[in-house]
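Presented below is the structure to which this report refers.
The values are calculated or read from the model by the stated rules, or taken from the named source; none is laboratory data. Computed from a predicted model, the values in this text were never measured in an experiment. Neighbour counts run over all protein chains shown; Cβ positions are idealised from the backbone, glycine included.
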Amino acid sequence: MESPVITRTHDKAGRSPWRQRLVQAERGFALGFRSDSIFFVHLFLSTAAICAAVVTDFRLTQWAVLVFAVATSYAAELFHQVVKMLLNDNPSVDVRRAQAILRMSTAATTLTIVGGAAAVLLLFAERLDRFL
């Protein structure tokens, strides 16, 4: 049986399920951006990467890698925020266990971001090599 919170979000104002999902996604992004200042760092760096990609005239496949790297970084940070919220809202979880879970979530997020940044840096290295 679904919880009232999940059921209630699908029946709002007669919206179709796909439209309600878009509304939920927008509210989720807004909540994520307001919950941690790291999102502003991501926003600044991704904007800088996109501007640099325009200047260096990225090809389609390079744009695809850049978009994928940015999207996975944001997704990893959002999942990390979810883990933190769940741990903070559940006092029955042992403190040591919660710290271990948070460390693993942080490690997974960091690995995703570093991997995406490395891929983007390789793309820029290839493009700059062609200019020189």
Q) So Ala98 clears everything in (1) surrounded by 16 or more Cβ atoms within 10 Å (Cβ to Cβ); (2) touching a residue at least 24 places away in the same chain (Cβ under 8 Å) except one condition, right? Which one? A) (2)
**Q.** Test: residue in region 32-55 that is surrounded by fewer than 13 Cβ atoms within 10 Å (Cβ to Cβ), acidic (Asp, Glu) and either modelled with pLDDT under 90 or farther than 21 Å from Thr112 by Cβ (or both)
**A.** no
Q | Pick from region 58-94, criterion among the small types (Gly, Ala, Ser) and surrounded by 17 or more Cβ atoms within 10 Å (Cβ to Cβ), ranking: farthest from Leu121 (Cα to Cα) | A | Ala76
Q) Among the numbered criteria (1) free of Cβ contacts under 8 Å to residues at least 60 places away in the same chain; (2) farther than 21 Å from Ala25 by Cβ, which single criterion is violated by Ala49? A) (1)
Q.
It is to be established whether one or more residues within region 98-111 are part of a loop (DSSP other than H, G, I, E, B) and more than 18 Å from the chain's Cα centre (by Cα).
A. no
Q. Based on what the data block shows, is Arg97 over 30 Å from Phe131 (Cβ atoms), modelled with pLDDT of 90 or more and not β-branched (Val, Ile, Thr)?
A. yes
**Q.** Residues within region 1-28 that are at pLDDT 90 or above and under 23 Å from Gln81 (Cβ atoms), tallied
**A.** 9
